[in-house]
Amino acid sequence: MSTNNLPRLKPAPLPPDTVIGGYRIVRKLAAGGFGVVYLAVDEHGTQVAVKEYLPAGLASRQPGTLAPQVHPEKQSLYRLGLKSFFEEGRSLAQISHTAVVGVLNFFRENETVYMVMNYLQGATLQDYIITARDRKKSKIFSESTIRSLFDEILRGLRIVHQYKMLHLDIKPANIFVSDEDRAVLIDFGAAREVLNKEGNYTRPMYTPGFAAPEMYRRDGVMGPWTDIYAIGACIYACMQGYPPSAAPQRKEKDKLELALSRLRGVYSDNLIEIVLWCMALNPDERPQSVFALLRELGNEGERRYTKLTLTEKMRLQINSLVTGKREATGPTSKAGESKP
């Protein structure tokens with residue numbers, strides 16, 4: 001096999017009982033394009049989650065070895081991502097908030113970096129959305145549940161932004177609901193974003209539907225408004241049961257307002273307006289800070305529920321039929337479009 005194929009191999013995870021930095025690996029919990037997460041125990045037997053920087057597009061690892069093998073052409077990019085991952089760990093270790101995953105330790109070993117985090121037990125918001133959707137419930141989540149859940153997440157995100165960090169990969173799969181009913185932001189995407197901007201990757205490194213339009217541009221200016229777009233998309237997924245259309249598709253034909261109009265009377269006009277505000281295609285038209293969004297989300301004023309008129313319902317049904325026929329004859333959805 002030629003060395004050119006090395007980056008395409010899925011790097012082998014560390015086997016159980018491997019000891020790194022004083023932590024003993026129990027088993028692999030998850031693996032993605034940028035790393036592997038393990039369940040491990042410290043010297044006192046306390047369970048922790050250990051995240052290893054291991055970008056599959058840049059490095060490989062043979063079973064039984066500890067250090068990743070990095071293709072010579074990818075060395076500088078690998079190191080750039082490694083530096084970003086390390087700095088992310090250092091920044092997160094300074095943050096102490098129940099809605100942000102707790103980083104207990106971070107260290108370099110085996111020519112890579114490891115981030116030691118609190119081990120959470122529970123399920124992701126994505127799991128809850130899929131379960132509720134499959135039960136064919138009329139409402140995926142109640143409005144009060146959505147407001148309290150995102151109030152908690154936004155309070156954590158506000159601290160993250162105060163530390164001059166961005167999450168850059170907020171989606172239901174990265175919002176964890178613990179067994180104690182705490183909502184926690186996990187899996188920050190800083191290293192992923194650095195590699196996305198610097199490398200000539202053909203495959204995007206963001207999740208369609210939740211990534212803001214500026215993330216698709218190499219010269220896109222990102223800030224708190226970028227994470228706020230993703231928050232709006234997550235609220236949408238909690239209301240609809242499915243992610244919104246990807247930003248490039250919305251730029252061609254934006255059906256967001258139409259999709260949300262079907263939920264009038266089910267959710268308040270205010271909550272629908274909040275989603276539209278967060279998901280404005282123009283970053284300048286979104287809330288510019290988490291504080292502004294928190295204030296609106298916690299607004300306890302009288303909530304109006306404007307139900308659809310019979311004429312509007314008929315118009316929506318006709319539109320659905322026309323759109324359905326058009327989509328049935330059109331191209332199938334692109335690979336990589338994910339569940340919420």
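Could you grab me the full set of residues in the stretch 273-303 that are hydrophobic (A, V, I, L, M, F, W, C) and either in contact with a strand residue (DSSP E or B) (Cβ under 7 Å, 6 or more places away or on another chain) or within 14 Å of ALA233 (Cβ to Cβ) (or both)?
In the first step, residues of the stretch 273-303 are kept if they are hydrophobic (A, V, I, L, M, F, W, C); the result is 274-281, 290-294, 297.
Those that are hydrophobic (A, V, I, L, M, F, W, C) and either in contact with a strand residue (DSSP E or B) (Cβ under 7 Å, 6 or more places away or on another chain) or within 14 Å of ALA233 (Cβ to Cβ) (or both): ILE274, VAL275, LEU276, TRP277, CYS278, MET279, ALA280, LEU281, LEU293.
Here's the yes/no breakdown for (1) modelled with pLDDT of 75 or more; (2) in a helix (DSSP H, G or I); (3) on the phi < 0 side of the Ramachandran plot:
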| position | (1), (2), (3) |
| --- | --- |
| ALA173 | yes, yes, yes |
| ASP187 | yes, no, no |
| ALA191 | no, yes, yes |
| MET205 | no, no, yes |
| GLY209 | yes, no, no |
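Listed here are the residues, each with its yes/no results for (1) surrounded by 16 or more Cβ atoms within 10 Å (Cβ to Cβ); (2) at pLDDT 90 or above; (3) on the phi < 0 side of the Ramachandran plot.
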{"residue": "THR3", "(1), (2), (3)": "no, no, yes"}
{"residue": "LEU9", "(1), (2), (3)": "no, no, yes"}
{"residue": "ASP17", "(1), (2), (3)": "no, yes, no"}
{"residue": "GLY45", "(1), (2), (3)": "no, yes, no"}
{"residue": "GLY57", "(1), (2), (3)": "yes, no, yes"}
{"residue": "ALA67", "(1), (2), (3)": "no, yes, yes"}
{"residue": "ILE95", "(1), (2), (3)": "yes, yes, yes"}
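crowded, with 18+ Cβ neighbours inside 10 Å and either basic (Lys, Arg) or under 22 Å from the mean Cα position of the chain (by Cα) (or both): which single residue out of ARG61, ARG79 fits that description? Break it down stepwise before answering.
Working: ARG79 fails: crowded, with 18+ Cβ neighbours inside 10 Å.
ARG61 is the lone residue from the list that is crowded, with 18+ Cβ neighbours inside 10 Å and either basic (Lys, Arg) or under 22 Å from the mean Cα position of the chain (by Cα) (or both).
Does SER84 satisfy the criteria of being of a type in the set (S, T, N, Q), under 22 Å from the mean Cα position of the chain (by Cα), crowded, with 17+ Cβ neighbours inside 10 Å and not assigned by TED's automatic domain parsing to the domain that holds ARG155? Full working, then the answer.
Values: of a type in the set (S, T, N, Q): yes; under 22 Å from the mean Cα position of the chain (by Cα): yes; crowded, with 17+ Cβ neighbours inside 10 Å: yes; not assigned by TED's automatic domain parsing to the domain that holds ARG155: yes.
Answer is yes for this residue.
Please count how many residues of the stretch 110-120 are in a loop (DSSP other than H, G, I, E, B) and either of a type in the set (Gly, Ala, Ser) or closer than 16 Å to GLU180 by Cβ (or both). Step through it out loud before you land on a result.
Kept after step one, since they are in a loop (DSSP other than H, G, I, E, B), are these residues of the stretch 110-120: 110-111, 119-120.
In the following step, the residues that additionally are either of a type in the set (Gly, Ala, Ser) or closer than 16 Å to GLU180 by Cβ (or both) were identified as 119-120.
Matching residues across the stretch 110-120 total 2.
Is it the case that some residue within the stretch 121-137 is free of Cβ contacts under 8 Å to residues at least 24 places away in the same chain, in a helix (DSSP H, G or I), in contact with a helix residue (DSSP H, G or I) (Cβ under 9 Å, 6 or more places away or on another chain) and of a type outside the set (Phe, Trp, Tyr)? Break it down into steps so the answer makes sense when it comes.
At the first step, the residues of the stretch 121-137 found to be free of Cβ contacts under 8 Å to residues at least 24 places away in the same chain are 127, 131, 134-137.
Okay, now just the ones that are also in a helix (DSSP H, G or I), so 127, 131, 134.
Checking which are in contact with a helix residue (DSSP H, G or I) (Cβ under 9 Å, 6 or more places away or on another chain) leaves us with 127.
Retained after the next criterion (residues that are of a type outside the set (Phe, Trp, Tyr)): 127.
Yes, some residue in the stretch 121-137 is free of Cβ contacts under 8 Å to residues at least 24 places away in the same chain, in a helix (DSSP H, G or I), in contact with a helix residue (DSSP H, G or I) (Cβ under 9 Å, 6 or more places away or on another chain) and of a type outside the set (Phe, Trp, Tyr).
Quick check on LEU168: is it in contact with a helix residue (DSSP H, G or I) (Cβ under 8 Å, 6 or more places away or on another chain), touching a residue at least 24 places away in the same chain (Cβ under 8 Å) and part of a loop (DSSP other than H, G, I, E, B)? Break it down stepwise before answering.
Working: in contact with a helix residue (DSSP H, G or I) (Cβ under 8 Å, 6 or more places away or on another chain): yes; touching a residue at least 24 places away in the same chain (Cβ under 8 Å): yes; part of a loop (DSSP other than H, G, I, E, B): yes.
So LEU168 passes the test.
The values are calculated or read from the model by the stated rules, or taken from the named source; none is laboratory data. Quick caveat, the model's predicted, so the values are computed rather than measured. Here Cβ is always computed from backbone atoms with ideal geometry, including for glycine, and neighbour counts include all displayed protein chains.
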